[in-house]
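So the structure is just underneath, and the comments pick up after that.
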Amino acid sequence: MSLFSLVMLTLSAIIGSGWLFGAGMATQIAGPAAIISWILGAVIIGLIALNYIELGTMFPTSGGMSQYAAFSHGPLLGFVAGWSNWLSLLTIIPIEAVAAVQYMSSWPWAWANWTRGFLRHGDITNEGLVIVFLFILAFTLLNFWSVKLLTRFTSFISIFKLAIPTLTILVLIGTGFESQNFGHAAGFMPSGTAAIFSATTAAGIIFSYNAFQTTINMGNEIAHPERNILWGIVIAFGISAVIYTLLQVAFIGAVPASALQHGWQGVNFESPFADLAILLNLGWLSTLLYLDAFVSPFGTGVSFVATTSRALAAMTGSKHMPTKLGEVNRKYQTPRRAMVVNMLLGIVLVAGFRNWSALSNVISTSTLIAYLTGPVTVTALRRQAPQFSRPFRLAGLRWWAPLAYVLASLAIYWAKWPTTIEVFGVIALGLIFYVYYEVRRPAGWQALQASLRGSRWLLLEMIWLTVMSLIGSHEFGGTGWVAYPLDFVLVVIGSLVCYYLGVRDAYRSESFEIAVGLNKRVNED
């Protein structure tokens, strides 16, 4: 896969349903200050991505995000990180299908009356679920026959996905842009500073930026991974951050004054940009937006079928999941069994979570838990294996790694109670698989005890964040025992303790030998 194809694939993954819903939801929560939320989200995910770029260029392998933690801290931490990451990726497939169907349900044309029944009270109906299932099937089939077909499709669709948001920005800013909207009612921050942080996770901003890992997970399918992983992420992520931020600016400035009678919380569009275009008598733009609401989620869904199947296949390498899921079709070089399993589980997920908002919050939280392992792993490997080849070496890692870790911890806290405990519970279910396969191996109990030491810091982190979510400030769903912003201070202190404990608890397991072998490929290149 060339650098151009890689950038197009990553852009196709990042510019998905997030731009269709994120700006509207963020504005409801934080008002014009939602612009800061998008910038903050880009900073958080950008710092995390820098840690993973070093790891990705060191170990160019498919599904790498599911393996790195095991290299430094043993198979248990690797499994938890891989499980969390896979859960977040798995949920993206149905959320993109839900986004497309949700926009379809509000098509304004007379011939589209048959779509009206797809959505009721904000949730996908049983009738709409059938269409969602067909979308998920289509996403899967486009990945079933080789990476070459996938790259041709995404390279084409990514151009369209970039053009429509860019055109939307230009048209909304150029027609009726109201600069006074940025100080409307209670001012730039009508809901206070806490809402800026809340919107970062609750409005799907973290979810929108999450797809940078598409590049990491393609691994050895990338031409010259030691160079192209870095530039693929930098170019795609940079373009996406600019587009998302400008879309938020354009949305705020284009809302008519008549729609702000009840403040920003009263701006409740089912299809934010399309509804806004209709209010501004831009019928041609609303038609394009409804079309893009079909195309953008489709492109992201297709891209994430590739990413998710490779993440699940990579998890089988530790022998704690059925190994048949990791088998790659010889002719098409795709993990077909993993794709089918993900498709079926995606159908189950969407049957339980029937709206975009609920799914995006689950994705953001589980993703961030997986991301906590990145800064710890990259720092630990600097100490464990200074001799490893590092095509990209993050300067100032001693500062950037703990900062990325703390910001990820805060973003998990911003997801609010009870989302945190619900996601932690689902992640804990994965441990059943791990223990089942581990104790069946020779000396399984002894190995389990050793790997527990390498994983205790993440367990403590999740317990700490659960406690803080429960007793934290009302602004973030807590009981209010700890007021805002003191709750932030306590989250940061506890998270830093867990970070440095994690760096100290790194040890050499069998997984480290896999890392040695992968890194030798970099030397050979």
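The values are calculated or read from the model by the stated rules, or taken from the named source; none is laboratory data. Here the structure is a predicted model, which means the values were calculated and not measured. Heads up, the Cβs are rebuilt from the backbone with ideal geometry, glycines too, and the neighbour counts pull from every protein chain shown.
Data table
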read-out: Residues (buried (at least 24 other Cβ atoms within 10 Å of the Cβ) and touching a strand residue (DSSP E or B) at 6+ places or on another chain (Cβ under 7 Å)) located in the range 89-117; value: VAL98, VAL101, GLN102
read-out: Count of residues meeting criterion [assigned to a helix (DSSP H, G or I) and buried (at least 20 other Cβ atoms within 10 Å of the Cβ)] in the range 454-497; value: 15
read-out: Qualifying residues in the range 62-105 (those that are under 20 Å from the mean Cα position of the chain (by Cα) and not in a helix (DSSP H, G or I)) - the one modelled with the highest pLDDT; value: GLN67
read-out: Condition met for SER84 (hydroxyl-bearing (Ser, Thr, Tyr) and surrounded by fewer than 24 Cβ atoms within 10 Å (Cβ to Cβ)); value: no
read-out: Qualifying residue in the range 512-525 (condition: on the phi < 0 side of the Ramachandran plot, more than 26 Å from the chain's Cα centre (by Cα), in a helix (DSSP H, G or I) and small (Gly, Ala, Ser)); value: yes
read-out: Close pairs from the range 3-30: first over 13 Å from ILE159 (Cα atoms) and part of a loop (DSSP other than H, G, I, E, B), partner hydrophobic (A, V, I, L, M, F, W, C) and modelled with pLDDT of 80 or more, Cβ under 6 Å, at least 6 apart; value: SER17/ALA99
read-out: Helices (runs of 4 or more DSSP H) contained in the range 305-406 and holding at least 1 residues within 19 Å of the chain's Cα centre (by Cα) and modelled with pLDDT of 90 or more; value: 356-371, 373-384
read-out: Flag if ALA428 is small (Gly, Ala, Ser), in contact with a Phe, Trp or Tyr (Cβ under 8 Å, 6 or more places away or on another chain), surrounded by fewer than 21 Cβ atoms within 10 Å (Cβ to Cβ) and part of a helix (DSSP H, G or I); value: no
read-out: Set SER12, SER72, SER5, SER66: member being farther than 30 Å from GLY183 by Cα, surrounded by fewer than 24 Cβ atoms within 10 Å (Cβ to Cβ) and touching a helix residue (DSSP H, G or I) at 6+ places or on another chain (Cβ under 7 Å); value: SER5
read-out: Boolean, ALA203 is within 26 Å of the chain's Cα centre (by Cα), exposed (fewer than 15 other Cβ atoms within 10 Å of the Cβ) and closer than 22 Å to ALA277 by Cα; value: no
read-out: Residue in the range 434-453 that is modelled with the lowest pLDDT, counting only those that are part of a helix (DSSP H, G or I) and farther than 30 Å from SER495 by Cβ; value: GLY444
read-out: Residues located in the range 434-469, provided they are hydrophobic (A, V, I, L, M, F, W, C) and out of contact with any helix residue (DSSP H, G or I) (no Cβ under 8 Å at 6 or more places or on another chain); value: ALA443, ALA450, LEU459, ILE463, VAL467
read-out: Top-ranked residue of the range 407-421 - restricted to ones that are in contact with a Ser or Thr (Cβ under 6 Å, 6 or more places away or on another chain) and in a loop (DSSP other than H, G, I, E, B), ranked as modelled with the highest pLDDT; value: ALA415
